[in-house]
Amino acid sequence: MKLNKHYAELSESYLFSTIAHKVSAYQAAHPDRDVIRLGIGDVTLPLAASVTEAMKKAVEEQGRKETFHGYIPSEQGYEFLRSAIRGYYADRGERSVDLDMSEIFISDGAKSDLGNLLDLFDVDNTVLVPDPVYPVYVDDNVMAGRKILYMAANADNNFLPMPDDSVHADIVYLCSPNNPTGAAYTAGQLAEWVRWAKANNALILYDAAYECFISEPGPARSIYEVEGAKECAVEVCSFSKIAGFTGTRCGYTIVPQAIVSDGQSLNKMWLRRQTTKFNGVAYVVQRGAEAVFTKEGMQEIQHNLDYYRRNAAVIGAALDKAGVWYCGGKNSPYIWMRCPNGMGSWEFFDWLLETANVVGTPGEGFGPCGAGYFRLTAFGDADKTREAADRIVAALKTL
C-alpha cells in the first residue's frame, strides 16, 4: 500500500479547525467569559418558512407508496429544481443569463464541487489562485500534486487581482464577492479574465457563493454576464448563504456545453463523473431548495439577507468609529480589516480574544498576503453582533 504523499505537504490542520481548537482551549481556561464568534461564515437564522413547509410536504410524500421517490432520476438533480435555478438566472433584468437545462447540476454544496471538478483535469495542469484565498482552493490542488501559482490581492489592486499576460496557467480560481476580502469584480473586470482565459486555453472556476449579497449596480452576479464566458468558465454556487442551507447541504454548478478541449466536452465529462461517483441530493432537500425561488421564498430570503447586511453595517460603523481601515461589508457578508498598530493577524486574533472575547479569522490563514489583516463575518446574531462591535471599539481604545 502506498499513501498519497502530497497529504504530507498540507498544513497540519484546516484553518477553521485551528481556530476552533484555540477558542476551545481559551474557553476551558476561562469558563466565565462570554465569547462571541464572528469568525466562521456559518449562518444563524433558521430556514425560511417556505423552505421548511416544502420539506415537510416532501417528507410526507416519502411516507406514501404512491408518491415515494427512490433513486434520483438523474444525478444532475430533479428537473423541478434545475428549472427553478434556470429561472433565477433569467429573472435578473439587465443581468439576466440564459442557461440550458443540461448545463445545471445539483450538488451537496459548492465546497464539494470545487474539489470534485478537479477529477476532470490532469495533474500536470498549473493552477492560479488569488492570495489571500479560501483555503480549499489550495488544499484541493496540493492533495493532487498540482503546481500552484499565486496572484497577490492587496490594497494596491483593491483586493481584486487582474490577469497578467506574462503568466500562464491552465485553471484559475476566482471568487466574487470574495471570501475573505469582500471585494467584488465588475463585468468589465471579469471580461479581462475571460479574454486571458481564452488566450491561455485556460478554465475559470468561478465561485459565486455570495452573489446574493450584491445589492449595488456595479459588481457582477454571474460571470456569464460577460460575453464568451460560457466558453471558458464553470460557475459554482450554493444555497448555504442565500437560503441558510449550511446544515441542509445543497448547491449547484453550471458547466456550459460550449466548453470543449481536445475534442472532449467538459459538460459530458462532468455528467459522466457524477453518474459514477455521486448519488445526488435527497429529494426532500431539493424540494426545499426549489421553494427558495418561489415568490414567497424570495421575500423571506431577502428578509434574512437584509438581517445580515445590517450586521455588516454595524461592524463597519464600529470600525469607522475606531478609525480602522477595512473593505467589504457592502455586497458581501465579510469585513476585511487592517490589524491595528501593525499587529500580525494571529497576534491580533489572540489579543482580540483575550481583550474583547471576540473571535474573528486571521488573514494570514488565507495566505501570506493576508498578513496584517483580519476577517469578521456578518452572519452572527444581531444582538451579539452589536455587543461584539461595542467590545471591539472599547478594546481598540486601549491601544
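The values are calculated or read from the model by the stated rules, or taken from the named source; none is laboratory data. The model shown is predicted, which means the values in this text are computed figures rather than measured ones. Cβ: placed from backbone, ideal geometry, glycine included. Neighbour counts: every protein chain shown.
Anything in segment 1-33 that is polar (S, T, N, Q) and either touching a Cys at 6+ places or on another chain (Cβ under 7 Å) or farther than 22 Å from G363 by Cβ (or both)? List them, or say none. Steps first, please.
Here is the first cut: in segment 1-33, the ones polar (S, T, N, Q) are 4, 11, 13, 17-18, 24, 27.
Across segment 1-33, the qualifying residues are N4, Q27.
Select from segment 107-157 the residues that are in contact (Cβ under 8 Å) with a residue 60 or more places away in the chain and among the polar types (S, T, N, Q) and write down the one among them that is farthest from T276 (Cα to Cα).
N154
With the condition kept exactly as written, say whether any residue in segment 111-128 is among the charged types (D, E, K, R) and buried (at least 19 other Cβ atoms within 10 Å of the Cβ).
Start the filter on segment 111-128 by keeping residues that are among the charged types (D, E, K, R), which leaves 111, 113, 119, 122, 124.
Then keep just the ones that are buried (at least 19 other Cβ atoms within 10 Å of the Cβ); that gives 111, 113.
Yes: one or more hits.
Which pairs turn up if I take residues in segment 263-283 that are over 19 Å from N201 (Cα atoms) and look for partners that are hydrophobic (A, V, I, L, M, F, W, C) and modelled with pLDDT under 95 with beta carbon separation below 8 Å, at least 6 apart in sequence or on another chain?
Note: pairs meeting the criteria are N279/I72; G280/I72; V281/I72; Y283/I72.
Taking the options A371, A378, A356, A388, name whichever one is farther than 17 Å from P177 by Cα, small (G, A, S), surrounded by 24 or more Cβ atoms within 10 Å (Cβ to Cβ) and touching a residue at least 24 places away in the same chain (Cβ under 8 Å).
On the way: A371 fails: surrounded by 24 or more Cβ atoms within 10 Å (Cβ to Cβ); A378 fails: farther than 17 Å from P177 by Cα; A356 fails: surrounded by 24 or more Cβ atoms within 10 Å (Cβ to Cβ).
Exactly one residue qualifies, and that residue is A388.
Looking at the structure I just gave you, is S240 closer than 21 Å to Y89 by Cα, outside any strand (DSSP E or B), at pLDDT below 95 and within 19 Å of the chain's Cα centre (by Cα)? Steps first, answer last, please.
Numbers: closer than 21 Å to Y89 by Cα: yes; outside any strand (DSSP E or B): yes; at pLDDT below 95: no; within 19 Å of the chain's Cα centre (by Cα): yes.
No, not satisfied.
Quick check on my filter: what residues within segment 116-136 are at pLDDT 95 or above and in a helix (DSSP H, G or I)?
The first filter runs over segment 116-136 and keeps only residues at pLDDT 95 or above, leaving 116-132.
Once the filter is applied, which keeps residues that are at pLDDT 95 or above and in a helix (DSSP H, G or I), segment 116-136 yields N116, L117, L118, D119, L120.
Kindly indicate whether any position in segment 42-57 is modelled with pLDDT under 95 and not hydroxyl-bearing (S, T, Y).
yes
Considering only residues of segment 224-237 that are outside any helix (DSSP H, G or I) and of a type outside the set (A, V, I, L, M), which is surrounded by the fewest Cβ atoms within 10 Å (Cβ to Cβ)?
We begin by selecting, within segment 224-237, every residue outside any helix (DSSP H, G or I); these are 226-228, 232-237.
Now narrow it down to the ones that are of a type outside the set (A, V, I, L, M): 227-228, 232, 235, 237.
Numbers: E227: 10, G228: 14, C232: 26, E235: 26, C237: 27.
Filtering first and then ranking leaves E227.
Anything in segment 84-101 that is out of contact with any Asp or Glu (no Cβ under 6 Å at 6 or more places or on another chain) and surrounded by 15 or more Cβ atoms within 10 Å (Cβ to Cβ)? List them, or say none.
Within segment 84-101, I85, R86, Y88, Y89, V97, L99 meet the criteria.
Which condition number does W196 fail, the rest of (1) modelled with pLDDT of 95 or more; (2) over 20 Å from L15 (Cβ atoms); (3) surrounded by fewer than 18 Cβ atoms within 10 Å (Cβ to Cβ) being met?
All conditions are met except number (3).
Can you tell me which of L15, L3 is free of Cβ contacts under 8 Å to residues at least 40 places away in the same chain and either in contact with a helix residue (DSSP H, G or I) (Cβ under 6 Å, 6 or more places away or on another chain) or loosely packed, with under 11 Cβ neighbours inside 10 Å (or both)? If you could, list the steps in order and put the result at the bottom.
Values: L15 fails: free of Cβ contacts under 8 Å to residues at least 40 places away in the same chain.
Among L15, L3, only L3 is free of Cβ contacts under 8 Å to residues at least 40 places away in the same chain and either in contact with a helix residue (DSSP H, G or I) (Cβ under 6 Å, 6 or more places away or on another chain) or loosely packed, with under 11 Cβ neighbours inside 10 Å (or both).
Can you list residue pairs whose Cβ atoms sit under 8 Å apart, with the first residue in segment 184-205 being farther than 17 Å from V236 by Cβ and the second being in a helix (DSSP H, G or I) and at pLDDT below 95? Count only pairs 6 or more apart in sequence or on different chains.
none
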